[in-house]
Structures are given as structure tokens and as C-alpha cells.
1. Let me see the P(r) profile for segment B:241-298: every Cα-Cα distance counted, bins of 10 Å, each bin given as a percent of all pairs.
2. Amide H to amide H under 5 Å from B:His122: which residues, 5+ apart in sequence or cross-chain, H placed 1.01 Å off N in plane?
3. What spacing in nm lies between the two simple spin-label points modelled at B:Lys29 and B:Ser255, each 7 Å away from Cα in the Cβ direction?
4. Using Cβ-Cβ distances only, list the Cys residues of chain A with no partner cysteine under 4.7 Å, sorted by number.
5. Over segment A:44-112, what portion of Cα pair distances is larger than 21 Å, expressed as a whole percent?
6. Is chain A rounded, prolate or oblate when judged by the Cα gyration tensor, a ≥ b ≥ c being the square roots of its eigenvalues, rounded requiring a/c under 1.5 and prolate requiring a/b larger than b/c?
7. Please report the Cα spread of segment B:142-229 along all three principal axes, rounded to whole Å, starting with the longest.
8. Which of B:Pro257, B:Pro46, B:Pro171 ends up with the largest GNM mean-square fluctuation for chain B, with Cα atoms connected below 10 Å?
Amino acid sequence: MDELDVLNRLKDAGIEVLTCMQCGTCSGSCPSGRYTSLNTRRFVRMVQVNMDMLHCEDLWMCATCYNCQERCPRGIKIVDAILTIRTIAVHEGIMLPEHRKISHLLLKHGHSVPINDSTKQKREKLGLEPLPETVHKYPQALKDVQRLMESCEFDKLVAEK
Amino acid sequence: MTKLSLFLGCIIPNRYPGIEKATKFCLDKLGIDCNDLKGASCCPAPGVFRSFDKTTWIALASRNIALSEELGRDVLTVCNGCYGSLADANHELKKDATLKKSTNAHLEKIGKEFKGTADVRHIVEFLYDELGPENIKEMVVNPLKLRVALHYGCHLVKPSNERNLGSVERPDFFDELIEAIGAESVDYSDKMACCGAGGGVRSGLHGTSLEMVNHKLSRIQEADVDCIVNACPFCHLQFDGGQVEIKDILGIDYSIPVLHYSQLLGLALGFSSQEMGIDLNQIKNNEFIEKLKKLTED
């Protein structure tokens, strides 16, 4: 993908990163950056100069706490930018294997964290029905959810490449 | 008062059913009209699915909201992630007619329509706004003299331009609800810090996510509290399951009990810790369970 396209995609989404003055408030506020290579200030700079961020593993280290976005003196929507770049990456077939797995759980069960036997037992112990009042209990509702995901081509998007 | 439908999400019914039971007990006891939202799915999770594909994210979210619209009820969420997803999706669909039209084109295939007639609420802001700490205080039968480390969780208050719940740096509405049941909300270092679960970090980069929760737990431990209270089952899972994983990997044993606000409120309204499923957590702390017994049986 043409790197310039990333900046344009951000602009289309109403996100302007070129006004960043590299003050570092974002990195100083980042709980993930305390433990990982994620340096939000540098990340924004690299986006500004059209470096390839789609393959950069820092992209997946943001816990979306929004500290940087709330505190940015220039009002840059930093988390929204990261999420938008993730979208571009996923549509280019780039995603973590674990994220592909939970996407398949969503496709199969309509839940990203489906029920298991141990929780069914806990539910019964509490006097609740073993299956909750969600798609787990209503097969037609699950079919609807699956049809909706097919309509959005989510199944194709997250298929093993 | 506003009529509600209870949106369960994934982690509450499928991992921590005690929170489901506690929420239903509390709503009933407080006289809040709330039905099950039958056939709902994953919200879908904002940190992962929203960033993978916005079309899918908003289509599934709009279906969940449409189910509640059909009942003529607002959606009640009990999870910061579900709140974030459904409130954001609702807001975007209500303000963007083109997005609403394209989303409804998908929904039409399953005979549903997003109309934009329902609001999305979070149980904490709902209780604060519609009942208020004073009214809750009056209904308490077991004042819980506990030292609580309150964890707001990021997506309850942020992004602030979507939430409009006041200060994101030092909010206090949730603390007031903790004090209302007789407990002390203890101030501690990094109180507003993230638990490290969101944004697909817990699912995608587990080790990083544990380092973040370990940091937060170390700060909570310094504050010498009886328990952690949250309003989000994903933060709950991160604190509860995370402690077990930290013990296994790093050899640090915190054994700090973790409660969702619904469970804490349930105890104060007269239910037992067993009824609220507090003993079904991964972290076992008998001393705390005994303390609760004394507080709720006197």
C-alpha cells in the first residue's frame, strides 16, 4: 500500500496528525509505553513522515486508554489514528494470530468469549440457567448474527491467509 | 423512571455469572424496570473488532441496539467495553444519516432496522444519575465498612467528548457510590491508570498486558485495601485472572479480592457473598469472605 494513503485515510476519518509538535505528553501518559517499545510521540512522527506503520508491532501495544488523546495539547485524535491504521493493516491481511482466533470465535458463537462447561456449572450453582439469554440460547439469533457478519464480509476479512 | 433492557455482553454471562446475578438482584431490589435483552450477541468488543472492521462492528452493535428499540427500552450495559461500543455506535448512527442508511442495508437482510430511538447507559452512571448516592444510601441494610481500591476503567469516562461524565483525571461520581454503601474509597497512586486489558492487548500480547496489571496491583497493594471494585468485567477478569497468572509467572502473590460494583451493592442491599458469586472468583481469599459474613450477618 502507498504510504501516503495512510495519511489520506486518516484525514478522511477527520484525524489530523501533521499539527503534532512532538512535545511528548502522549508518551509520558502512556501506560503501555512504560513496559513496551511503544513510544507514542515517535509513532505519530513516523506516521507524519509516511513510514510503514502497518508492519510495526507497536501498532498492537496500545490498550486504548485514551490518556494521550485526552491530554494532547494539539487535540490530535491519537487513539483514533492508531485504530484507523489497525483497520488498514487488517484489510491488508496483517493481524496478530490471537486476534484472528477471537474473530473466528465471534463468527462461530456470536460471542468473543463463549460459554464453557466450568461457567455453566457456576451458573447452575448460582441458580441461573446454564445458558444465558443471549445468542447462546437462541439459535435463530445466532444465525442472524452470522448472516450479518457474512453480509459485511467479516468472514472473508479474517480468514486464514 | 427509564425502562431498560439488560445487555449482558460476553464475559459476565460466560465467565463471571455472579455479576449477572448480582446485577439482576440489585435492579429488582432498587425497583428498576429492566428486562433481559434476548438474543443479544457480543457488543462487539471495541478494542479489537472496531479496529479490524468498522462496518462489521457497527452492524453488530446496531443489531443489539435495535433489539432494545423493539422493546421500547434503553440499553443497560454493565461493562465499560460494551458501554463504549454500543454508546459510540449509537451516537455515530444517530448523527450520520449515510452511515445509518448503509448499516440498515445490512440489517434489512435479517429483518431488523436501527431507528435511533434508544439510549445506551452504563449501570454506574445510570445509578448515579437516576437514583443518586443519597437514595442508594437509604436503601442500604448492611453498611460495608471496607477499604476499597476503586478502579473506574478507561472506557467508562473516556473518550470524554463522547461520555460527558466530567473530569477524566480526577472523577468522583463513582467514589460517591462507593461511599454510599458505607465503604471508604481509598485514594492510591495511579488510580486512574489502565488495567492493561483493552485494545486487544490482553488477547494479543498477554505478557505486556500482565506487566501493566502487575504495576497497577503493586500500587493497590501499597494502599492496604480490603478489595478492588470495578465496573467492567474485562477489568475484573484482568485483575482476578491476572493475579493468578502473575503468581504463576512472576511468583508474586497479591490475593486481593476483586468485586464488580453490582456485587458490592448487592452485599450492601442484604444479599450474601455466596449469592453474589464472590466465592466463584479465581482469587480465593477466605479472610475476606469471613469479613463479609460478619458485615452482612450482624
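No lab work stands behind these numbers, since they all come straight from the coordinates. Bear in mind that the values here come from a model prediction, so they are computed numbers and not experimental data. Here the Cβ positions follow ideal geometry from the backbone for every residue, glycine too, while neighbour counts run over all protein chains shown.
1. Distribution as computed: 23, 49, 22, 6, 0 percent.
2. Excluding prolines and chain starts, which carry no amide H, the hits are B:Thr77.
3. Calculated label separation equals 2.8 nm.
4. By the Cβ distance rule, which asks for a partner under 4.7 Å, the isolated cysteines are A:Cys20, A:Cys23, A:Cys30, A:Cys56, A:Cys62, A:Cys72, A:Cys152.
5. Details: 808 of 2346 pairs.
That tail contains 34 percent of the Cα-Cα pairs.
6. Values: a/c = 2.72, a/b = 1.83, b/c = 1.49.
Prolate, since a/c reaches 1.5 and a/b exceeds b/c.
7. Principal-axis extents of segment B:142-229 (Cα, largest first): 41, 32, 22 Å.
8. Greatest mean-square fluctuation among the candidates belongs to B:Pro171.
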